[in-house]
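Structure first, then comments.
The values are calculated or read from the model by the stated rules, or taken from the named source; none is laboratory data. All values derive from a computational prediction rather than experimental measurement. Cβ coordinates were reconstructed from backbone atoms using ideal geometry, including for glycine residues, and neighbour counts include every protein chain displayed.
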Amino acid sequence: MKESAVEWRKNLWVIPGLWLTGALAFLPLLGNRFIADDFTALSIFRAYRSKPFFQTVLYGGNDFFRPLNMALIMARGALFGDAPLPYVIANILLHLVNTTLVFLIARRVFKRTLAAAAAGFLFLFAFSHYEAITWISSSVTLFVTLFMLISIYGHVRFREKGGIGWLIFAIAGFILAFLTKETAISLPFILLACDLILVKKEKRGKGFLYPYAIYGVLLAAYLAIQTGWAMRFMGTDSIYKAGWHVLTNLADYWVWLWMPNPRHPYVAGVLSVLPKGLLVGYWILAGAAALMLPLIVVLAALKKLSRPMLWSFICSILAILVFLPFTIKISARYAYLPSVFIALFAGVLFSRVYFYLREKGRRGRRAWQMVLVITGSLYLIGNVAGLLLIQREFVKVSTTTERLALQIGELVELTDDDVVFIEGLPAHVHLREAVQWFENPTVRVHADNDKYRGSPQTLEAIRGFYRGSEANLYHLRFENDNLFLLSRESL
């Protein structure tokens, strides 16, 4: 049963609810500082702020064709400088805007307030994609998701109401997404799935697919530009390769879209404080999530899924596809876009089960309805608790990174091309970019926790790698939460 027009307007109360609870949940993040690629973005702004605009957005350190991302880096640098708080607030606000769009899309597609609200709150508090919000440099992920959601919402409204205005809205989001990041490559297929699954055949009139003439031309132009732009980065060392890791990546992403990845150092730090009983429960849930994938595929093949459920499931797979050829480990920020559709799928699934149990009206079914609500609430509470803990971990790491980078400057006087090697750093503390930002951009910083391919990770390897460079090598050790200088030598 669809809601009345009055009820339809009343359900907008969900939006301020999303914003209020979201703002409260992300309050701990306000103490966050810069880490890793955050300093790279600051350095790009510093290096290109005096150069011509088009030279900057086209060539400002891009390995791929991302002109709008470069423009946003320059705009944020001009507005916020090197103070981290405005960047943090901007990321939180972007996530709240994206959450609102998830709710509005769910509201249009699912036609039920409960399904739309569940999808909105699940996406808002999903622990699986925390890095996109907590890591300042992941703003590019937030922006590309924003533009993709704008395009999807515009396309859905265009199919509902017709008229050129909503189609222009969808095309604008389409273009902005592709100018921001290459993960937008799944967008035209998501829009096509929307039309083929959600729109019934009898409603597909003459010229129904004409928007795809526009989408197709834009996609072809983008592929031609991006391929020529990034070809030089696609050699034997490319992170995109075929292999069995495609299937293992799919399994990884499917499980960790429902819950955090324990192999990620930040998550490992959070899970380490949990009692063993909770960890056992965690792995039981992970196994259940893994088994859901083949079950859903079977149900889809048997046509047992509703159209909205089938669409959101297929879109979650489409959004994952771009990450499957990666040979590098999966990252929480990559889960942000796919988690949009996982939230939509989970929201409509929760709503359908809830109303199925309520409409049957039997006492036993009402008990199961209560179990469903309690289980859903506990899952949401668990995500909120995880978000609060992970924010604390992120703030701790970022403040430690800044403190240690400044401490290196106090221990040694770094000159151009000096080499620093650090032993004993925690797995998720990396000082390279921070030292280059605070001390000297030409300094080479290595540590025994480095995961960079080909990077030396021992003192002997460092000596061999830089032998004959005539640089100074400083050997430091992290111990008792501080850095100590062990030796200095000339290479």
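So which of Arg392, Arg358 ends up being at pLDDT 85 or above, among the charged types (D, E, K, R), assigned to a helix (DSSP H, G or I) and more than 18 Å from the chain's Cα centre (by Cα)?
One residue alone meets the criteria, Arg392.
Taking the conditions exactly as written (farther than 25 Å from Leu124 by Cβ and surrounded by fewer than 19 Cβ atoms within 10 Å (Cβ to Cβ)), does Leu285 satisfy them or not?
Taking the combined requirement at face value, the residue does not satisfy it.
Given the conditions (1) in the same structural domain as Ser138 (by TED's automatic domain parsing); (2) more than 20 Å from Ser138 (Cβ to Cβ); (3) not hydrophobic (A, V, I, L, M, F, W, C), and given that His446 satisfies all but one, which numbered condition is not satisfied?
Of the numbered conditions (1) in the same structural domain as Ser138 (by TED's automatic domain parsing); (2) more than 20 Å from Ser138 (Cβ to Cβ); (3) not hydrophobic (A, V, I, L, M, F, W, C), the odd one out for His446 is (1).
Please note which strands (runs of 3 or more DSSP E) are completely contained in region 416-488 and include at least 2 residues that are over 29 Å from the mean Cα position of the chain (by Cα) and touching a residue at least 12 places away in the same chain (Cβ under 8 Å).
Here the list reads 419-423, 472-479.
Kindly indicate the residue of region 74-92 that is in contact (Cβ under 8 Å) with a residue 24 or more places away in the chain and aliphatic (A, V, I, L, M) and also surrounded by the most Cβ atoms within 10 Å (Cβ to Cβ) among those meeting that condition.
Filtering region 74-92 for residues that are in contact (Cβ under 8 Å) with a residue 24 or more places away in the chain and aliphatic (A, V, I, L, M), the one surrounded by the most Cβ atoms within 10 Å (Cβ to Cβ) comes out as Val88.
Could you say which residue among Ala300, Ala367, Ala288 is under 20 Å from Ala193 (Cα atoms), among the small types (Gly, Ala, Ser) and assigned to a helix (DSSP H, G or I)?
Sole residue among the options that is under 20 Å from Ala193 (Cα atoms), among the small types (Gly, Ala, Ser) and assigned to a helix (DSSP H, G or I): Ala300.
Residues Leu425, Leu459, Leu411, Leu486: which one is surrounded by fewer than 21 Cβ atoms within 10 Å (Cβ to Cβ) and touching a Lys or Arg at 6+ places or on another chain (Cβ under 6 Å)?
Leu486
Restricting to region 158-216, count the residues that are in a loop (DSSP other than H, G, I, E, B), without any contact (Cβ under 8 Å) to a residue 12 or more places away in the chain and not small (Gly, Ala, Ser).
Adding up the residues that qualify gives 4.
Take the conditions modelled with pLDDT under 95, in a helix (DSSP H, G or I), touching a helix residue (DSSP H, G or I) at 6+ places or on another chain (Cβ under 8 Å) and more than 30 Å from Phe110 (Cβ to Cβ) and apply them to Ile44. Does it pass?
yes
So that you can scan it fast, the table gives a plain yes or no per residue for (1) of a type in the set (Gly, Ala, Ser); (2) modelled with pLDDT under 85:
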{"residue": "Val429", "(1), (2)": "no, no"}
{"residue": "Glu433", "(1), (2)": "no, no"}
{"residue": "Trp437", "(1), (2)": "no, no"}
{"residue": "Asn440", "(1), (2)": "no, no"}
{"residue": "Asn449", "(1), (2)": "no, yes"}
{"residue": "Tyr452", "(1), (2)": "no, yes"}
{"residue": "Glu460", "(1), (2)": "no, no"}
{"residue": "Ala471", "(1), (2)": "yes, yes"}
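Give the residues of region 111-142 that are more than 17 Å from the chain's Cα centre (by Cα) and either of a type in the set (Lys, Arg) or surrounded by fewer than 24 Cβ atoms within 10 Å (Cβ to Cβ) (or both), sorted by residue number.
Lys111, Arg112, Thr113, Leu114, Ala117
Restricting attention to region 321-344, which residues are of a type in the set (A, V, I, L, M, F, W, C) and crowded, with 24+ Cβ neighbours inside 10 Å?
Residues satisfying the conditions are Ala332, Ala335, Leu337, Val340, Phe341, Ile342, Ala343, Leu344.
Determine if region 367-383 includes at least one residue that is among the hydroxyl-bearing types (Ser, Thr, Tyr), free of Cβ contacts under 8 Å to residues at least 60 places away in the same chain, surrounded by 14 or more Cβ atoms within 10 Å (Cβ to Cβ) and over 29 Å from His245 (Cβ atoms).
The answer is yes; a qualifying residue exists.
From the list Leu209, Leu198, Leu218, Leu223, which one is out of contact with any strand residue (DSSP E or B) (no Cβ under 8 Å at 6 or more places or on another chain), of a type outside the set (Gly, Ala, Ser) and at pLDDT 90 or above?
The match here is Leu218.
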